[in-house]
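Worksheet for the structure shown next.
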Amino acid sequence: MCTSSIWGGKWLKLAKTSLKASLVMGLILASSQPFSLADEPLIVPSNLKPSDSSQLITTDQTFLLPLKLQTVKERRWVTVTGYSSTVEETDEDPFITASGKWVADGFVASNALPFGTQIRFPELFPNKIFIVEDRMNQRYDEEHVDIWFNSKELAKEFGVKYTLMEIL
């Protein structure tokens with residue numbers, strides 16, 4: 001009788017149980033600790049109902065975090081407009097931001113904030129965090145922010161708004 005096969009089976013079962021426990025603990029810790037992927041925009045999952053999404057944000061549709069963990073560093077009143085990826089609104093390469101990234105939902109243009117700055121417009125999009133990845137024409141001052149939309153029609157529909165901006 002080979003004792004290594006008996007111990008091998010018990011060892012494998014113990015290893016699987018330990019792995020499951022570790023995964024559960026990891027999920028618990030991930031949901032209670034702040035976590036962020038610096039290069040990924042933070043967006044509210046589209047499959048959540050508005051009542052469910054009011055307290056959650058996500059990074060890459062993977063980690064859900066309590067919204068209250070985001071610390072507001074500064075609040076400013078700004079003019080907010082929309083833009084889209086057209087040559088007349090941007091430049092000859094309208095799908096690449098000034099930071100070198102492909103345009104994406106949640107990206108904004110600002111001449112006053114460094115690339116990667118996370119901001120929120122609590123009166124317009126209370127559950128969405130935007131990331132500065134683009135610049136505007138130099139004629140626009142620091143009190144102006146441009147939100148990227150995937151169509152010119154959506155950008156026009158958004159219009160011009162004067163609202164509070166939170167820098168996170």
Yes/no for T117 being at pLDDT below 60, hydroxyl-bearing (S, T, Y) and within 13 Å of the chain's Cα centre (by Cα) | no
Take T71 and decide whether it is part of a strand (DSSP E or B), among the polar types (S, T, N, Q) and touching a residue at least 24 places away in the same chain (Cβ under 8 Å).
-> no
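Residues checked against (1) more than 15 Å from F149 (Cβ to Cβ); (2) aromatic (F, W, Y); (3) in a loop (DSSP other than H, G, I, E, B):
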| residue | (1), (2), (3) |
| --- | --- |
| S99 | yes, no, yes |
| D105 | no, no, yes |
| A112 | yes, no, yes |
| G116 | yes, no, yes |
| R120 | yes, no, no |
| I129 | yes, no, no |
| N137 | yes, no, yes |
Hits in the range 139-157 - residues which are within 18 Å of V103 (Cα to Cα) and either among the basic types (K, R) or touching a residue at least 24 places away in the same chain (Cβ under 8 Å) (or both) = V145, D146, I147, W148, F149, N150, S151, K152, L154, A155, K156
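The values are calculated or read from the model by the stated rules, or taken from the named source; none is laboratory data. Just so we're clear, the structure is a prediction, and the values are computed from it rather than from any experiment. Positions of Cβ are generated from backbone atoms using ideal geometry, with glycine treated the same way; all protein chains shown enter the neighbour counts.
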